Amino acid sequence: MTDKKPEVAILMGSKSDLPILKDAFQIFDNFDILFTARVLSAHRTPEAAIKFASEAEAEGIKVVICAAGMAAHLGGVVAAHTTLPVIGLPIASEPFNGLDALLATVQMPPGIPVASVTVGKSGGKNAALYAISILALSNPTLALKLKAFRQEQTEKVLEADAELQQELKKR
Ligand code: RP5
């Protein structure tokens, strides 16, 4: 057991959003970052969502990720109750495939910003990496890890390109 407290909170409007967030969990595990994850809805559990947001900073949370679909108000409600950075992750659902959640997330009125990452599967990964960029501002070790992650990613693409060139030569 560790007595370290989580630096990141991952909130989701419904347990049905969890599959998209599994990639975020994986990234945080890879970077050794403690997170907490909760199902809290802006519509179905508004008091609990507001309580969490209001207490997050005092609990040591530094970044909040809010995943929600449809009329996605979770990011906005959380941002209204904390000055911590809030990253919105629009979840794709029928019938608008996430355009509804994207607009609800990015179109915050002036004064209460919510950042938005990619709709869909890539959103989980990008929300985590964006949160890590924020944490890395005050954590040089984490900043080095993030640079190493980027380098590895670059090398994988260069390898894929080299493989493609070899395949094309065989035609
Ligand atoms: C949103 O409504 C949730 O974030 C979810 O994406 C969507 C549908 O919720 P469920 O009906 O699957 O619980 O609040």
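The values are calculated or read from the model by the stated rules, or taken from the named source; none is laboratory data. Just so it is clear, the model here is predicted, and its values are computed rather than measured. Note that we place each Cβ from the backbone using ideal geometry, even for glycine, and neighbour counts take in every protein chain shown. Heavy atoms of the whole protein, side chains included, go into the accessibility calculation; ligands, DNA and RNA do not. Shrake-Rupley method; radii C 1.70, N 1.55, O 1.52, S 1.80 Å.
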What percent of all Cα-Cα pairs in the chain falls in each 10 Å bin, counting up from 0?
10, 36, 30, 15, 6, 2, 0
So which lysines pass the test for residue 145, namely a Cα distance under 19 Å, with those fewer than 8 places away in the same chain ruled out?
62, 125, 156
For the stretch 54-121, the Kirkwood Rh over every pair of distinct alpha carbons, in Å, works out to 11.9
Kirkwood-Stokes translational diffusion coefficient of the stretch 1-67, alpha-carbon pairs, 25 °C, 0.890 mPa s, µm²/s
198
Calculate, for residue 59 and residue 103, the FRET efficiency according to 1/(1 + (r/R0)^6) with r their C-beta to C-beta distance and R0 22 Å; round to the nearest 0.05.
0.10
Ranked from highest to lowest mean number of other Cβ atoms within 10 Å per residue, what is the order of the peptides 18-24, 59-65?
59-65, 18-24
For the chain, size of Cβ-based charge dipole, Lys and Arg +1, Asp and Glu -1, in debye
180
What part of the accessible area of the chain, given as a whole %, is carbon or sulfur when the probe is 1.4 angstrom?
58
Just grab the label-to-label distance for residue 25 and residue 163, each label 7 Å out from Cα along the Cβ direction, in nm (one decimal).
2.8
Just name one of 141, 68, 157: the one whose Cα is farthest towards the positive end of the charge dipole of the chain (beta-carbon charges, Lys/Arg +1, Asp/Glu -1).
157
Per residue value of the accessible surface for the chain (all protein chains in place, 1.4 Å probe), Å²
59
